[in-house]
Amino acid sequence: MLAAPFILLVRFYQVAISPVLPSACRYSPTCSQYTIEALQIHGLFKGSWLSIKRIVSCNPWGGQGYDPVPEKGCNHKH
């Protein structure tokens, strides 16, 4: 699975880095959990694209609230 090393990097971030930073994610699930799920469901390329779009929108002028990873085959406009 091509996405496995990237999932490990995100898990490292969740365990080692995220706990020392102030909570800032405006979404549920968090951007890091969203990234893991997107990579698992959609694979490296589409999962990365969905994750990048989510992270870029996670700011005071972006969105907020519940925003799950779209199901495979679903056209999701984020």
For the chain, with +1 on Lys and Arg beta carbons and -1 on Asp and Glu, the positive-most of Ile7, Gly43, Thr30 along the dipole: Gly43
Which label in (i) 18, 13, 11; (ii) 19, 18, 9; (iii) 22, 16, 10 gives the computed semi-axes √(5λ) of the Cα gyration tensor in Å: (ii)
Exposure rank, largest accessible area first [Arg54, Arg26, Arg11; 1.4 Å]: Arg11, Arg26, Arg54
Percent carbon-and-sulfur accessible area, the chain, ignoring ligands, DNA and RNA, probe 1.4 Å: 65 percent
Contour excess over end-to-end distance, with Cα ends at Lys53 and Leu21 and 0.36 nm allotted per residue: 9.4 nm
Charged-residue dipole, Cβ positions (Lys, Arg, Asp, Glu), the chain about Cα centre, Debye nearest 20: 140 debye
Simple label model, 7 Å out from Cα along Cβ direction - Gln14 to Met1, nm: 1.2 nm
Sum of -39500 (n - 2.57) over DSSP H runs of 4+, divided by residues of the chain (222 nm, nearest 500): -15500 deg cm²/dmol
Dipole of the chain, positive end: most advanced residue of Ser18, Val56, Pro68 [Cβ charges, Cα centre]: Val56
For the range 25-64: accessible area per residue (Å², 1.4 Å): 53 Å²
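The values are calculated or read from the model by the stated rules, or taken from the named source; none is laboratory data. None of these values were measured; they are calculated from a predicted model. Using ideal geometry, Cβ is built from the backbone for each residue, glycine included, and neighbour counts are taken over all protein chains shown. These accessible areas exclude ligands, DNA and RNA; they are computed on the full protein's heavy atoms, side chains included. Shrake-Rupley method; radii C 1.70, N 1.55, O 1.52, S 1.80 Å.
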